[in-house]
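Engineer: Below is one structure. I have some questions about it.
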Amino acid sequence: MATTTYYGWTTPNDTDLVKNGASAIRTLGSAVDSSLWSAGYSAGKNKIINGDFGINQRAFSSTTTTLTYGFDRWYCQAVDGTTTYSAQTFTLGAAPVAGYEGTNFARLVSTGQTLSSAQSNIRQKIESVKTFAGQTVTVSFWAKASSGTPNIAASLAQYFGSGGSPSATVNTTLTKTAITTSWVRYSASVAVPSISGKTIGTANDDALILILWTSAGSNFDSQTNTLGIQSATIDIWGVQLEAGSNATPFQTATGTKQGELAACQRYYVRFGGTANYEPYGVGIADQTTSTYEYVQFPVEMRIAPTSLEYASIALYDGGAVTPATTAALNQTGKKGTMVRVTGATGLTQYRSYIIISSNTTNGYLAFIAEL
């Protein structure tokens with residue numbers, strides 16, 4: 001077999017890679033160092049959406065509030081002390097993988113925790129508890145610390161949904177490993193429990209949850225391999241969860257920027273934030289103070305949205321811009337929804353109006369269908 005040298009180590013050439021399905025992976029203890037150029041690329045192999053933190057529809061910068069989404073599909077769970085989940089930007093050329101210029105990474109800073117119930121983690125709910133059930137999977141990610149050699153842990157949780165059985169989540173520990181102050185890729189494999197004999201709830205909210213822990217009280221020893229409480233600053237990037245017992249080269253769930261955005265929009269769609277007076281949808285005034293506006297989504301959402309978020313909205317009839325104060329869901333659907341806009345003044349009944357942002361780039365309208 002012909003070989004080619006990349007980054008100081010040898011792999012089969014591209015013809016043999018395609019022929020044999022080999023992957024250029026070098027394992028160093030718990031660390032995995034992989035070349036971006038390699039076999040092992042296939043659409044959908046990574047069940048983590050936005051594993052490179054490249055999609056940030058919420059314009060997220062930082063939060064200390066538990067159960068808050070930041071980067072698309074990623075939310076923070078924190079109890080006790082202070083956990084700060086923030087968006088960070090790579091210096092050009094500083095991304096962990098040569099040839100893959102990642103833009104953003106996630107940072108978790110945990111301080112002041114003492115309770116057995118303490119926890120600091122980011123997590124992603126993967127749609128359907130059936131995902132990888134009864135299979136061996138591998139999780140991989142890059143991580144680094146600001147100082148010292150703290151530990152990071154990973155676990156999986158099988159949630160059977162509202163009304164499902166068992167009512168308790170089934171937890172599976174993946175790994176606990178010490179990290180350094182340099183970006184290193186870490187990998188671990190585990191058998192996901194079977195769901196044979198279980199019952200999935202009917203609320204369409206069952207999920208397989210990947211959890212990356214940076215601090216955990218003793219209540220979570222079994223999930224985190226006794227990670228323990230830590231005061232640390234830990235950065236994370238390039239998260240992948242795939243079938244099999246080997247970590248293959250990282251790629252996002254879809255392999256493209258536009259595909260990753262569409263995958264994220266299945267769960268959260270946000271209009272606005274790019275221009276003053278940006279249009280969102282069109283409708284008609286039913287009264288002099290309110291309208292019904294139809295907004296079409298760029299992709300079909302997971303379910304009809306359950307809530308919306310907005311700021312600085314207005315109505316436009318082709319001549320005047322009229323500020324409005326309140327928006328609410330009305331007649332929701334997965335492909336589009338009606339929005340009831342109220343709190344305006346001086347509208348003309350039965351006239352058409354476009355719902356827009358007001359004279360600011362901070363205006364937006366967002367729809368939520370998260371698990």
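The values are calculated or read from the model by the stated rules, or taken from the named source; none is laboratory data. Values in this document were obtained by computation on a predicted structure and should not be read as measured data. Every residue, glycine among them, receives a Cβ derived from its backbone with ideal geometry; neighbour counts consider all protein chains shown.
Engineer: Mind listing whichever residues of the range 180-223 are part of a loop (DSSP other than H, G, I, E, B), within 12 Å of LEU156 (Cα to Cα) and either outside the structural domain of TYR75 (by TED's automatic domain parsing) or of a type in the set (A, V, I, L, M) (or both)? Walk me through it before giving the result.
Structural biologist: At the first step, the residues of the range 180-223 found to be part of a loop (DSSP other than H, G, I, E, B) are 180-183, 192-198, 200-206, 217.
From what is left, the residues that are within 12 Å of LEU156 (Cα to Cα) are 192-193.
Selection gives VAL192 alone.
Engineer: Which of the residues that make up the range 129-142 are of a type in the set (A, V, I, L, M, F, W, C) and not in a loop (DSSP other than H, G, I, E, B)?
Structural biologist: Initial filter on the range 129-142 (of a type in the set (A, V, I, L, M, F, W, C)): 129, 132-133, 137, 139, 141-142.
Once the filter is applied, which keeps residues that are of a type in the set (A, V, I, L, M, F, W, C) and not in a loop (DSSP other than H, G, I, E, B), the range 129-142 yields VAL137, VAL139, PHE141, TRP142.
Engineer: Would you mind stating whether VAL339 is buried (at least 18 other Cβ atoms within 10 Å of the Cβ) and either out of contact with any Ser or Thr (no Cβ under 7 Å at 6 or more places or on another chain) or assigned to a loop (DSSP other than H, G, I, E, B) (or both)? Can you show your working first?
Structural biologist: Working: buried (at least 18 other Cβ atoms within 10 Å of the Cβ): yes; either out of contact with any Ser or Thr (no Cβ under 7 Å at 6 or more places or on another chain) or assigned to a loop (DSSP other than H, G, I, E, B) (or both): yes.
Yes.
Engineer: Same structure, new question: Kindly indicate which of ILE48, ILE122, ILE55, ILE126 is surrounded by 15 or more Cβ atoms within 10 Å (Cβ to Cβ), under 18 Å from GLU370 (Cβ atoms), touching a helix residue (DSSP H, G or I) at 6+ places or on another chain (Cβ under 7 Å) and of a type in the set (A, V, I, L, M).
Structural biologist: ILE55
Engineer: Counting only residues that are closer than 20 Å to TYR85 by Cα, among the polar types (S, T, N, Q) and touching a Ser or Thr at 6+ places or on another chain (Cβ under 6 Å), how many does the range 211-239 have?
Structural biologist: 5
Engineer: Specify the residue that is farthest from the chain's Cα centre (by Cα); the eligible residues are those in the range 266-314 that are among the acidic types (Asp, Glu) and in a loop (DSSP other than H, G, I, E, B).
Structural biologist: Among those that are among the acidic types (Asp, Glu) and in a loop (DSSP other than H, G, I, E, B), it is ASP286.
Engineer: Of everything in the range 146-179 that's of a type in the set (Ser, Thr, Tyr) and assigned to a loop (DSSP other than H, G, I, E, B), which residue is surrounded by the fewest Cβ atoms within 10 Å (Cβ to Cβ)?
Structural biologist: SER147
Engineer: Checking LEU208 against (1) surrounded by 20 or more Cβ atoms within 10 Å (Cβ to Cβ); (2) more than 17 Å from the chain's Cα centre (by Cα), only one condition comes out false. Which one?
Structural biologist: (2)
Engineer: Follow-up. Need a quick list: strands (runs of 3 or more DSSP E) entirely within the range 18-128 having at least 3 residues that are under 19 Å from SER146 (Cβ atoms) and modelled with pLDDT of 95 or more.
Structural biologist: Output list reads 82-89, 104-111, 119-127.
Engineer: Does ILE234 satisfy being out of contact with any Gly (no Cβ under 8 Å at 6 or more places or on another chain), modelled with pLDDT of 95 or more and crowded, with 21+ Cβ neighbours inside 10 Å?
Structural biologist: So ILE234 passes the test.
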